[in-house]
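Reviewing the structure listed below.
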Amino acid sequence: MKKTLLILALAATLVGCDNDEVGDVSLGMFTMKDIKLNHLVDPVVTGVTCHVASVEANLSFSDPSDSAIACRQTGEITPEMLANIDKSTSGEIVFRKSKSIFFKSMKIRRIFDAKNQTIMYLSYSTKETSGSFKHSLSTVPLWGTQAYQSQPQKH
């Protein structure tokens, strides 16, 4: 029995280890849930870093769907980077994390708003929870970057 408990505790510790984790906040002594804080550098627009906060339930089959995202410019954003992103209205998935053995996942999509020269990052859950799909949005304006293109003034 002791060996089984030790193996379960070790497995829970290893599952919690993540090389992009920057914070771990316990929600209390009598709960097995924590708020995990992770960073994500956009794989194409490498001058953008997003921080994501999500609730994780240790030793549970499913994590809650709530998450929050904040993205900021942390380096150069170049026209070449923008040339390599999906510019469709649905954008592209830049990060995915399983939240359950029941096919629930959290995804982060990059969507480009060409008119306002802004990159949007949408974090969302793929399963409905309490009547709604949980989501969060953060934006990174291109103003002041090499990728910003001044538009002709309309008269």
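The values are calculated or read from the model by the stated rules, or taken from the named source; none is laboratory data. Since the structure is predicted, the reported quantities are computational estimates derived from the model, not experimental observations. When we count neighbours, we look across all protein chains shown, and the Cβ atoms used for this are built from the backbone with ideal geometry, even at glycine.
Can you confirm whether PHE95 is part of a strand (DSSP E or B) and either at pLDDT 95 or above or acidic (Asp, Glu) (or both)?
Numbers: part of a strand (DSSP E or B): yes; either at pLDDT 95 or above or acidic (Asp, Glu) (or both): no.
Criteria not met by PHE95.
Quick check on segment 43-57: of everything there that is in contact with a Phe, Trp or Tyr (Cβ under 9 Å, 6 or more places away or on another chain) and farther than 26 Å from LEU27 by Cα, which residue is surrounded by the most Cβ atoms within 10 Å (Cβ to Cβ)?
Step one: filter segment 43-57 for residues in contact with a Phe, Trp or Tyr (Cβ under 9 Å, 6 or more places away or on another chain), giving 43, 48, 50, 52.
Right, trim to farther than 26 Å from LEU27 by Cα and you get 43, 48.
Numbers: PRO43: 9, VAL48: 22.
Of everything passing the filter in segment 43-57, VAL48 is surrounded by the most Cβ atoms within 10 Å (Cβ to Cβ).
Out of all the residues in segment 18-47, which are in a strand (DSSP E or B) and touching a residue at least 60 places away in the same chain (Cβ under 8 Å)? It would help to see each step written out before you state the result.
Going through segment 18-47, the residues in a strand (DSSP E or B) turn out to be 21-26, 33-41.
Result: LEU40, single match.
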When you look at SER65, is it modelled with pLDDT under 90, assigned to a strand (DSSP E or B) and surrounded by 14 or more Cβ atoms within 10 Å (Cβ to Cβ), yes or no? no
Six or more apart or on different chains, Cβ atoms under 6 Å: show the pairs whose first residue is in segment 103-127 and modelled with pLDDT of 95 or more and whose second is hydroxyl-bearing (Ser, Thr, Tyr) and assigned to a loop (DSSP other than H, G, I, E, B). GLN117/TYR148
